[in-house]
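Report on the following structure.
The values are calculated or read from the model by the stated rules, or taken from the named source; none is laboratory data. Treat the numbers as computed from the prediction; the structure is a model and nothing was measured. For neighbour counting, all protein chains shown are included, and Cβ atoms are generated from backbone atoms with ideal geometry for every residue, glycine included. Accessible surface areas use protein heavy atoms only, side chains included; no ligands, DNA or RNA. Shrake-Rupley method; radii C 1.70, N 1.55, O 1.52, S 1.80 Å.
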Amino acid sequence: MGPRHGTDMSESAFIAQLRAIATHPAARGLADDCAVLDVGGDTLVLTHDTLVEAVHFLSTDPPASVAWKLIAVNLSDLAAKGATPMGALVSYCLQGDPTWDAEFAAGLTHVLETFGVGLWGGDTVKQSPSVLGCRMFGATLIGKGGALVPSRSGAREGDELFVTGTVGDARIGLLHARQTPSSMSPFVEAYRRPQPQLAAGQALASSVTAMMDVSDGLLIDALRMAAASGVAAMIDLDSIPLSAIADGIGYGNDRIARINAATAGDDYQLLFTSALPLPPLPCPVTRIGQMVHGQGLRLHDRAGDVPLPASLGWEH
């Protein structure tokens, strides 16, 4: 391979180059988190995520928690499509440490059983630091051929913007896990063991105009949804749902705290738009803004317009 020139290519720029290849309808133009495939009238939903040691998880994280996160982040993609999980293919890096490998396997068994997912196969290699992959398969009954399976790109001007649960707990958990790897606080658990919102996604799928999970940060993911839909996202920072416990231990709920929470990522809540009354949901949901004419992202709070922070979230 010859020398590289210039700066590293961004994730978004690389994906843009791949769109010329991804011409099958199932790929959805690489503008979504999942492929949606019509197979004889049945609709399959496929996704693939990778976890890299020291990027997506800490070297000090328990192996069972790493296994949980690997499966959960893929299930979160299925949740945003209203899909029911079926099976997974897992790629694993042997650590040269039988205890670590055994604890990972036990954790993998636990998370797959928890969510009713079959292990269908995968691959093993030996490598350090570890790079773990999972390909998840799901099914949905929403619309023949997947035409009505929610995407990022369906939001319309005037739609209201919502998010499930709270955001920012995983950010605090990462800080705590770095300081005290043995911590089992609720925040550390939120970082290490995200809870995919499968039931909420299935309840919402027929009522939303667009839906995706919040993995890289609420603000950057809202911007991605707006860009895919050809509208602008207007967000009220004061309405962003934060954990009351976080405020109680000194993380606050002012403008800075809300921007920190909304740009941190690893929340794995559902971000969605709708113009309809929402169905009953198995989790809290908060209206945080609206989709409006234009493009980009606009922030405000009770004091007025808020300048966009230098970083809206995680980008490779």
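When its C-alpha radius of gyration is set against 2.2 N^0.38 Å (N residues), the chain gives a value of 0.99.
Averaged per residue, the stretch 142-293 has 39 square angstrom of accessible surface, using a 1.4 angstrom probe with ligands and nucleic acids left out. Within the listed set 270, 119, 161, the Gaussian network model of the chain (springs between alpha-carbon atoms below 10 Å) gives the highest mean-square fluctuation for 119. The base-10 log of I(q)/I(0) for the stretch 230-312, evaluated at q = 0.16, 0.18, 0.20, 0.22 Å⁻¹, reads -0.72, -0.91, -1.10, -1.27 [Debye formula, identical scatterers on Cα atoms, solvent excluded]. Volume per residue for the stretch 32-185 equals 133 cubic angstrom (convex hull of Cα atoms). Look at the alpha carbon pairs under 8 Å that are at least 6 residues apart: their mean separation over the length of the stretch 40-182 gives a relative contact order of 36 percent. Dividing the summed -39500 (n - 2.57) terms of all DSSP H runs of n ≥ 4 by the residue count of the chain sets its mean residue ellipticity at 222 nm at -9000 deg cm²/dmol.
For the chain, averaging the sequence separation of C-alpha pairs within contact (under 8 Å, six or more residues apart) and dividing by the residue count gives a relative contact order of 21 percent. Amide H contacts of residue 195: none lie under 5 Å away among residues 5 or more positions distant or on a separate chain (H built 1.01 Å from N in the peptide plane; Pro and chain starts excluded). Working note: Karplus 6.51/-1.76/1.60 with θ = phi - 60° gives the stretch 48-56 the couplings 9, 10, 10, 10, 10, 4, 6, 10, 9 Hz, where Gly and Pro are set to x. Across every direction, the projection of the convex hull enclosing the Cα atoms of the stretch 81-141 has a mean area of 4.5 nm². How big is the antiparallel share of DSSP beta bridges in the chain, given as a percent to the nearest 5? Around 75 percent antiparallel, to the nearest 5. Amide H contacts of residue 161: 288, 289, 290, 291, each under 5 Å away and 5 or more positions distant or on a separate chain (H built 1.01 Å from N in the peptide plane; Pro and chain starts excluded). Element breakdown for the chain at a 1.4 angstrom probe: carbon and sulfur atoms account for 57% of the accessible area.
Each residue, residue 120 and residue 59, gets one label point 7 Å from its Cα in the Cβ direction; the gap between the two is 3.5 nm.
Each residue of the stretch 132-140 was assigned a 3J(HN,Hα) from its phi angle through the Karplus curve 6.51 cos²θ - 1.76 cosθ + 1.60 (θ = phi - 60°); the sequence is 10, x, 9, 10, 10, 10, x, 9, 9 Hz, with glycine and proline shown as x.
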